[in-house]
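For reference, the structure is listed below as structure tokens.
The values are calculated or read from the model by the stated rules, or taken from the named source; none is laboratory data. These numbers were taken from a predicted model, which means no experiment stands behind them. So basically every Cβ, Gly included, is an ideal-geometry build from the backbone, and we count neighbours across all protein chains shown.
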Amino acid sequence: MTFRIDPAWSFRVFLEKLYDHYIGSGVQSTGRRLNIIRLWLSMAGRARAMRGLEEIEKEFGKDKIPEAMNIAKRTWTDLKAFAKSLPDDAPLNSKLVRAFVSYKWESKEHSSWVERLSTALRARGIEALLDRWEVKLGESFTDYMQEHISTADIILFVITPQAVEAAEAPRGKGGALKFEVQMMNARRIAEGTRIIGVYRSGDRPPRYLRDHRYVDFREDAAFEDSLQILVDDILGRSGPPKIGR
């Protein structure tokens, strides 16, 4: 069974879940655990990753880490170096940026990818709002859309051919996504709220985003690079170099 990371877990809770999932000290289990630990650190960003490692060291003591985690002392040192090399994440005490994720319900694979993206954003300090997490049984999707589109700091529109078709559907068609697009554009016109196109598949964005810059996630191998571009933009870390004097 695949191990899934919950962005709400602290590093300590993450480790407990991970070691419960991959039991034993064999090469295979140890290797899988280390790969997933590096994934958590990468998703978390440098500040959160370093803090998580420091908390574990404080709990067990540096000399006890190899025994507690069933790894070599050199491996722990390598994990710390890996965390230190990561890009900066959101400041730990800053106000969270809220990002509404708009997407077309398509295949199970596509929904899983959207959840992966949202999880990665939350792990890096961005409060990604996803209907699958927010709308409980018996609650209204319409109420969810109206509440969060009107209050989100930024809106992400996942571009696929089906999403484009729904966004451009004639009046009375297009379903929930068409309704979201109408509310998103109304807020953009009234308040200047940014809508960022997240290109997942297809060869063109919807008409209302045609001349807008987007982030390209069409190559799975470049997921982390594209994610960093998106995170840096949302958190205001991109832009021109400083002018020297």
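Points to keep in mind about this one:
This table checks each residue for (1) touching a strand residue (DSSP E or B) at 6+ places or on another chain (Cβ under 7 Å); (2) modelled with pLDDT of 90 or more; (3) charged (D, E, K, R); (4) more than 25 Å from residue 109 (Cβ to Cβ).
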| position | (1), (2), (3), (4) |
| --- | --- |
| 186 | no, yes, no, yes |
| 196 | yes, yes, no, no |
| 200 | yes, yes, yes, no |
| 207 | no, no, yes, yes |
| 228 | no, no, no, no |
| 235 | yes, no, no, yes |
| 241 | no, no, no, yes |
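- Residues considered: 192, 172. Of these, the only one that is surrounded by fewer than 19 Cβ atoms within 10 Å (Cβ to Cβ), modelled with pLDDT under 85 and farther than 26 Å from residue 222 by Cβ is 172.
- Residues (part of a loop (DSSP other than H, G, I, E, B) and among the charged types (D, E, K, R)) located in region 188-202: 194, 200
- Candidate set from region 119-134 (those that are in contact with an Asp or Glu (Cβ under 7 Å, 6 or more places away or on another chain) and in contact (Cβ under 8 Å) with a residue 60 or more places away in the chain); member that is surrounded by the fewest Cβ atoms within 10 Å (Cβ to Cβ): 125
- Of all residues in region 50-90, those satisfying the criterion of being closer than 16 Å to residue 124 by Cβ, in contact with a helix residue (DSSP H, G or I) (Cβ under 7 Å, 6 or more places away or on another chain) and at pLDDT below 85 are 86, 87, 88, 89.
- Residues in region 202-223 that are surrounded by 12 or more Cβ atoms within 10 Å (Cβ to Cβ) and acidic (Asp, Glu): 216 only.
- Filtering region 180-202 to residues that are on the phi > 0 side of the Ramachandran plot and either under 23 Å from the mean Cα position of the chain (by Cα) or not assigned by TED's automatic domain parsing to the domain that holds residue 157 (or both) leaves only 202.
- Qualifying residue in region 148-165 (condition: in a loop (DSSP other than H, G, I, E, B), in the same structural domain as residue 125 (by TED's automatic domain parsing), of a type in the set (A, V, I, L, M) and under 22 Å from the mean Cα position of the chain (by Cα)): yes
- Yes/no for residue 179 being touching a Ser or Thr at 6+ places or on another chain (Cβ under 9 Å), part of a helix (DSSP H, G or I) and under 16 Å from residue 100 (Cα atoms): yes
- Looking across region 29-48 at every residue that is in contact with a helix residue (DSSP H, G or I) (Cβ under 8 Å, 6 or more places away or on another chain), over 16 Å from residue 224 (Cα atoms) and free of Cβ contacts under 8 Å to residues at least 60 places away in the same chain, the one that is surrounded by the fewest Cβ atoms within 10 Å (Cβ to Cβ) is identified as 34.
- Of everything in region 101-118 that is of a type in the set (S, T, N, Q) and surrounded by fewer than 19 Cβ atoms within 10 Å (Cβ to Cβ), the residue that is farthest from residue 168 (Cα to Cα) is 112.
- Under the condition of being touching a helix residue (DSSP H, G or I) at 6+ places or on another chain (Cβ under 8 Å), among the aliphatic types (A, V, I, L, M) and touching a residue at least 24 places away in the same chain (Cβ under 8 Å), the residues counted in region 199-233 number 3.
- Qualifying residue in region 153-162 (condition: aliphatic (A, V, I, L, M), closer than 21 Å to residue 217 by Cβ, in contact with a Pro (Cβ under 6 Å, 6 or more places away or on another chain) and modelled with pLDDT of 90 or more): yes
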